[in-house]
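Q: Got a structure for you, written out below as structure tokens; questions coming shortly.
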Amino acid sequence: MDGKSIKKVSVALALSLVMIAGLAASYFRLFEPYELGALDLRFVLRPKPAVTDKIIIIEIGEDSINKLGRFPFDRSYYVAIIKALSDFGARSVIFDFLFSEAADSDPDFESVLKKSKITYMPFAFNIDQKDKSQIITAKGYMARELPEFTPYLKGSGHINMLPDIDGKFRRIPPYIIYDGTYYPYMPFLAACDFKGIDRRTIDIKPGQNSARRAIKYDHKLFREMGPGIQTLLICRYTSVIFR
């Protein structure tokens, strides 16, 4: 074999090794932590979104816990927050924690839910980790609201988040399939209701824009908006109920 042939074989072999190494790195997700770190940096460097006055975070901070006691609070304080926000003219009250266990003050809580009909409550699914389809599938409920609350809710949806390889939560499935039915992510449901969008008019087409609504369901997941809480108004829990 002459020198030119040896050189060609060497180049071909080197290219093959590079391709094999690249495929192996991709298969074993070796570069994914670096990609996720770059994603976090892009969220930090992006232009800051405008602050909206349409959504207000009612924050349960250390001051509220010091005043009201250990969290979760007695349901009477949730009765108070729904009454207060209803009096202020809120169109929706969206809880981001579960009401899956009974409490002594449930009759009063049920009564305020029935009277106001502005409340959203979440539930959580057990995700089928073996299912690799584009739309996440659930094996059953992990926890959901008490059945006596359900008839008086404005809506309910899942609050599942999916961890990345580094253990951080950046991904949210906008829909999860359970028993043949599509269940929306609760804030997505509330946003549709706020915008007056009938969810029955949304075509769920993974990787495509909806034919009737321009909602892109990109690779089964919505990315979180990074430090988006900085673009929302925040009030202390106690300042609302003790107004």
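Q: Stretched out fully, how many nm does the piece from Ser100 to Arg42 gain, at 0.36 nm a residue minus the Cα gap?
A: That pair, Ser100 and Arg42, stretches by 17.1 nm at full extension.
Q: Ok, one more. Please give the contour-minus-distance gain from Ala191 to Glu148: 0.36 nm per residue of separation, less the Cα-Cα distance, rounded to one decimal in nm.
A: My answer for the length gained is 13.0 nm.
Q: Need one number: nm distance between label points at Thr181 and Phe71, each 7 Å from Cα along Cα→Cβ, rounded to one decimal.
A: 3.0 nm
Q: Just grab the label-to-label distance for Asp166 and Gln134, each label 7 Å out from Cα along the Cβ direction, in nm (one decimal).
A: 2.8 nm
Q: Would you mind counting up the charge near Gly157? Only other residues with Cβ under 12 Å from its Cβ, with Lys and Arg at +1 and Asp and Glu at -1.
A: Combined, the nearby Lys, Arg, Asp and Glu give 0.
Q: Picking from Pro49, Tyr120, Gly37, whose Cα lies most toward the positive end of the charge dipole for the range 23-121 (charges on Cβ: Lys, Arg +1; Asp, Glu -1)?
A: Pro49
Q: Continuing with this model, one more query. Can you pick out the pairs among Lys154/Lys195; Lys54/Lys115; Lys130/Lys168; Lys67/Lys154 whose Cα atoms lie more than 25 Å from each other?
A: Lys67/Lys154
Q: Assuming R0 = 25 Å, what is the FRET efficiency of Arg200 and Tyr141, from their Cβ-Cβ distance, to the nearest 0.05?
A: 0.60
Here, each number is a calculation from the coordinates, and none is a lab measurement. These numbers come from a predicted model, not from an experiment. Every residue, glycine among them, receives a Cβ derived from its backbone with ideal geometry; neighbour counts consider all protein chains shown.
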